[in-house]
1. From the helices alone, meaning DSSP H stretches of at least four residues, give me the mean residue ellipticity at 222 nm for the chain, per-run term -39500 (n - 2.57), in deg cm²/dmol to the nearest 500.
2. Would you mind working out the accessible area per residue for region 3-477, using a 1.4 Å probe, and quoting it in Å²?
3. Write down the percent of antiparallel bridges among all DSSP beta bridges whose residues are both part of the chain, to the nearest 5.
4. Express the Stokes-Einstein translational diffusion coefficient of region 1-125 in µm² s⁻¹, to the nearest whole number, given a Kirkwood radius over alpha-carbon pairs, 37 °C and a viscosity of 0.692 mPa s.
5. Which far-off residues, 5 or more places away or on another chain, put their amide H under 5 Å from the one on N118, with H placed in the peptide plane?
6. For Cα pairs less than 8 Å apart in space and 6+ apart in sequence, what is the mean separation divided by the residue count of the chain, i.e. the relative contact order in percent?
7. When each pair of different Cα atoms in region 3-477 is counted once in the 1/r mean, what is the Kirkwood radius in angstroms, to one decimal?
8. In what sequence, highest mean first, do 442-453, 97-108 appear when ranked by Cβ atoms within 10 angstrom?
Amino acid sequence: MSESCRFPPDFVWGTATAALQIEGATDLDGRGPSIWDDFCRRFPERIHERSHPEVACDHYHRWAEDVGWMKRLGHSGYRFSLSWPRLLPQGKGAVNQAGLDFYDRLVDGLLEQGIAPNVTLYHWDLPLDLQSWENPEILQAWLEYAELCFRHFGDRVKLWSTLNEPGWSTMHGYLTGLHPPCQRDPRRAMQVTHNLLWAHSRAVALYHRIWGRPEPGLGIGIALNLSPVHPASDSPQDADAARLADGLLNRWFLEPVLLGRYPEEVLEFLRACGSAPHGDLDFAEPVSSGASEGGSIPTVDWLGVNYYLPHHATADAPTTDFHLNISGDPQEASRFSIQGLFRFVQNPRGRYTDWNWEVDPDSLHEILLRIRDLRRLPVYVTENGIGLPDRLCEGQVEDSSRIAYVTGHLRAVHRAMQEGVDVRGYYMWSLMDNFSWLNGYRKRYGLLYVDRQTLQRTPKRSASWFAELARTGVLQVQEPASPS
Ligand code: NOJ
């Protein structure tokens, strides 16, 4: 049995990357240090195989070759991030002309090939001098950076997102302490989520003030990591645990971004435990100063969904315990448990990657429908993909499980579109194997295999498959033969 899913002709097909993960050249041409360069230098043992992003994929020098690959792989769009410390080495103040020149070359090179850039302002590489999103000066520095980018590139870049995965970066930066700035404090974590969401909303307002209201499908959005949280059992306790986790990890970000306010139920919970953030918590409140237009802070023009895996929550959480499987050894289970609130457990019926990430396309469908029910707006899948320990054998990388993963998830996207979700495009993570944060370089996500010695790019089997999909807009789904 086979089925085919036809996507609209103007559907955007592309891949996503992030500056720190691919550019390298961290000490070149005036780039300033970021909190991640510093973290990798100070705590090499916390990163798989003591990897670091100093060279990464050397995209800073090989960008033209990489744009050539995108063209060959059928891209009509490409999502990447600007490096804040490459543009403003101290986070604010002096602008680095070499940084502007690099991104001018990249943006112009993409446009020459008919590839629409989708640019993220912040993908975790905070300039070291700014230290943290708790810094009282950060909002001003952020708006200075955003304004520089909007004014300089906005004539050519028509799709922007403010932040990449504020939920994930705050959770690991301030709650589990696994990412820089390595803090473990739930109160501060919630304050930082607010500082980020507030910064996001002010940048959206600033963009609209400079460039006006865009056509539908363009303009400014945000890329949220969204993972449905399912109760681990039928018990009412697990249902409550899953609801709380969903509130903190999904609704806390979705509702301010789409509706301009926090979910009251989550806010009440945080007030009761003394962890509610301080500041103006009502994003839709009229404001008199700054960048807002028409007296109110506008919400996003489109939403970016980064989806990889679902969670399963139990109320049985006797300790606080965090651990990430960064080795790719399936025996090394990840742990996420907050004492007395919830703990994530494995789904006994689930299929898992070697890094313990469950493969579940239905959860992407579920998330897309939830967004539709909150607010009808254009959506892009800004990231989706699978990390595998790919190997190059005689010039080939056989990654049929990547093709199966993307097929399953695109089928879920197609189903959601038929049910009224306005999905405009799909950016697979990632164009090429890259520096996968704590996982180093072993967890490979690319359509292009990157040799760590030579940095040579080799298209995997999934690359030609993706190119054909992008060319035709038709996804072929082979049903597994049913047992007779
Ligand atoms: C989401 C992040 O945005 C990206 O930087 C990361 O590499 C992928 N997840 C895969 O882990």
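1. Computed mean residue ellipticity for the chain: -10500 deg cm²/dmol.
2. Result: 38 Å² per residue.
3. Working: 22 of 59 bridges.
Bridges in the chain are about 35 percent antiparallel.
4. Calculated translational D: 207 µm²/s.
5. Y78, R79, F80
6. Reported relative contact order: 19 percent.
7. Answer for region 3-477: a Kirkwood hydrodynamic radius of 22.5 Å.
8. In decreasing order of mean packing, 442-453, 97-108 become 442-453, 97-108.
The values are calculated or read from the model by the stated rules, or taken from the named source; none is laboratory data. This structure is a prediction, so every number in the text was calculated from the model and none was measured. Cβ sites come from the backbone with ideal geometry, for glycine too, and all protein chains shown count toward neighbours. In case anyone asks, the SASA skips ligands and DNA or RNA and just uses the protein heavy atoms, side chains included. Shrake-Rupley method; radii C 1.70, N 1.55, O 1.52, S 1.80 Å.
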